[in-house]
């Protein structure tokens, strides 16, 4: 084990910042989903890294929960994308204005 | 007399052969040897046992078994040998090539055809080599609007995924490329790569039939991954480990198919679907969508995908053997190795020949257990491969909705039944601590 | 300090995260996202958590990446290559990213975790299973319910009533 906790934390911070940038700038629904995925992965990395350095198995357990929930989130998000695309024929979130259905 | 295929004349053939040999010898002596000498002049040769290793000394090493055998033994224990030759790629590719030939001949016999017949002296056994040469020499055609980087990378990635799958399979005790603690989980991770490569290859061809085939492959592989994983959980429960070597070693007295037949059947059916074989060969249905997601691939790219497909077939059959049929376990049928010759030498009349390097090689690397394990493993794997090939001549192809219905309702239900059988066996004390094992 | 494997992994992970958001084609973006997820799995291997790493590979790369690719391929071809964003917003976003990176990084570098190293033995992956069924069992059941309900919800959302009835004639 040559890497230290701070290294993993810094990578996680960088991924979090990139994800927030993507959420703030991109208007494409699918790219925003990418950004959310990147943020979730940064969080998972932090969980496992802190769990390794405590050391405690809770970090890995929480990361597994997080991965499973992220899978559900992606399934719902992608079906929302498909529904929205079917309605508006576009993936630009600026077009999804009408809430009337 | 046609121009394309002139009549064969033996004298002409021998004449051309002799002239080729003469030219080769001449080029080698006039150009090859000076180049080798020049290269040797600049390379510092190693000193072994106080002797400078010249090329001539190297040749004498090759002729002397007492010096050659330790080198062979050292080579056989390296990781590179494991990856390239025995439990890894070479062994699997050999079995895969055999599978292709046997499939063609067997299918032909089932359908009262002859199959490959002319290439090679006996029953067309050289057909495969001819096909390989043809595929290598063919032009690689890339569709004009294809997405070129993905299109080029997809066959290579397919073979790489299949090779990664092969690397996880234990062949004999201690003979496995990657002996990881979570081998079965690694198998699940590797299986997940195949649909990605398939759909990327299909999309990048930018053509109708590959895309339809790719979408079908995606449906099929992703939906059958779930019963596949669930059907293997029973074995994990009764063995209590994810390491494939330990799972194989745990079946020394009986294979798990005795206790978990439902899981074995579910795994076999999902295996057929994952391998895109008839009756589930919808992604490559040649009567509907030319060749499915392989339509636009040509030349050696098609050859690579075929190689990957058959490596995957071998790996799945081997996984079935390891998980349900006992892996390398079996009665000892290999006779004891001639250790007396290795230790005391061989007597031929007045002369006693003693080979000094043979004894450690036979007692450490090529042991009786290893040969016996490999033999049983290969026998079982060939049997499973036979049963994978058999439906191709027997069953018709089924529809997409029937396939998905089968996968999502019946197979998942049966997989849960299998899990409850395993739990019942554990709690009843038949297996596990206090039970049979 | 960090070793070569760690550096290579962090370059792959962060670089492909940027590429996932910035590449013109959404397909290539998805492939780059797969690179990020695989890089995170590599970090888990470095952190002696092979169970989580293989789980990440099986779930994220095996299922989620396939789902994303499939959705991207359903979208019209011109939309895959279209890039919708305006310049000023982008520069503001880059500024925001740098501010977050620098400030959070400075906080972490200034805090006490800089000196934390460990020689402790790694966590056995069997402990994770024990955790799941002892301390975290309500969470496990809740997660099962959430997964089931979300998958059902996704199926209901993506269902097409108009085509459905024609195809269901058996």
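The values are calculated or read from the model by the stated rules, or taken from the named source; none is laboratory data. All of these numbers come straight from a predicted model, not from anything done at the bench. Cβ: placed from backbone, ideal geometry, glycine included. Neighbour counts: every protein chain shown.
Can you name the helices (runs of 4 or more DSSP H) wholly within the range C:1-74 that have at least 2 residues being surrounded by 18 or more Cβ atoms within 10 Å (Cβ to Cβ) and more than 7 Å from every other protein chain (Cβ to nearest Cβ)? Explain how you work it out, then say what you get.
Values: elements: C:4-22, C:26-46, C:50-56, C:65-74.
Output list reads C:4-22, C:26-46.
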**Report entry** In the range B:233-244, residue farthest from the chain's Cα centre (by Cα) [restricted to those that are surrounded by fewer than 24 Cβ atoms within 10 Å (Cβ to Cβ) and under 17 Å from residue B:180 (Cβ atoms)]
**Finding:** B:240
Query raised in the report: Of the residues that make up the range B:105-120, is at least one out of contact with any helix residue (DSSP H, G or I) (no Cβ under 7 Å at 6 or more places or on another chain), touching a residue at least 12 places away in the same chain (Cβ under 8 Å) and closer than 28 Å to residue B:396 by Cβ?
Result: yes
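To keep it simple, each residue is scored yes or no on (1) assigned to a helix (DSSP H, G or I); (2) in contact (Cβ under 8 Å) with a residue 40 or more places away in the chain; (3) closer than 28 Å to residue C:146 by Cα.
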residue: A:11; (1), (2), (3): yes, no, no
residue: A:16; (1), (2), (3): yes, no, yes
residue: A:23; (1), (2), (3): yes, no, yes
residue: A:33; (1), (2), (3): yes, yes, yes
residue: A:46; (1), (2), (3): yes, no, yes
residue: A:49; (1), (2), (3): yes, yes, yes
residue: A:59; (1), (2), (3): yes, no, yes
residue: A:64; (1), (2), (3): yes, no, yes
Report summary line: When (1) crowded, with 17+ Cβ neighbours inside 10 Å; (2) part of a loop (DSSP other than H, G, I, E, B) are applied to residue B:376, the one that fails is (2)
**Report entry** Meets criteria (over 30 Å from residue B:277 (Cα atoms), in contact with a helix residue (DSSP H, G or I) (Cβ under 6 Å, 6 or more places away or on another chain) and surrounded by 10 or more Cβ atoms within 10 Å (Cβ to Cβ)) for residue B:15
**Finding:** no
Report task. Return yes when residue B:206 is over 20 Å from residue C:34 (Cβ atoms), at pLDDT 85 or above and within 12 Å of chain C (Cβ to nearest Cβ) and no when it is not. Result -> no
Query - Members of the range C:134-162 that are touching a helix residue (DSSP H, G or I) at 6+ places or on another chain (Cβ under 7 Å) and assigned to a helix (DSSP H, G or I) - result: C:139, C:140, C:143, C:146, C:147, C:150, C:151, C:153, C:154, C:157, C:158
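Among helices (runs of 4 or more DSSP H) lying entirely in the range B:231-331, which contain 1 or more residues that are farther than 23 Å from residue B:409 by Cα and free of Cβ contacts under 8 Å to residues at least 40 places away in the same chain?
Passing ranges, in order: B:244-249.
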Query raised in the report: If only one of B:57, B:17, B:62 is out of contact with any strand residue (DSSP E or B) (no Cβ under 6 Å at 6 or more places or on another chain), assigned to a helix (DSSP H, G or I) and over 29 Å from residue B:341 (Cα atoms), which one is it?
Result: B:17
Report task. Quick one: count up the residues across the range B:160-193 that are in a loop (DSSP other than H, G, I, E, B) and within 14 Å of chain C (Cβ to nearest Cβ). Result -> 7
Query raised in the report: Can you tell me which of B:398, B:412 is outside any loop (DSSP other than H, G, I, E, B) and in contact with a helix residue (DSSP H, G or I) (Cβ under 9 Å, 6 or more places away or on another chain)?
Result: B:412
**Report entry** Unique match (being facing chain C (nearest Cβ under 7 Å) and farther than 23 Å from residue C:125 by Cβ) among A:75, A:68, A:63, A:49
**Finding:** A:75
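For (1) in contact with a strand residue (DSSP E or B) (Cβ under 7 Å, 6 or more places away or on another chain); (2) at pLDDT below 80; (3) outside any loop (DSSP other than H, G, I, E, B), each residue gets a yes or a no:
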{"site": "B:103", "(1), (2), (3)": "no, no, yes"}
{"site": "B:113", "(1), (2), (3)": "no, no, no"}
{"site": "B:125", "(1), (2), (3)": "no, yes, no"}
{"site": "B:129", "(1), (2), (3)": "no, no, yes"}
{"site": "B:151", "(1), (2), (3)": "no, no, yes"}
{"site": "B:155", "(1), (2), (3)": "no, no, yes"}
{"site": "B:158", "(1), (2), (3)": "no, no, yes"}
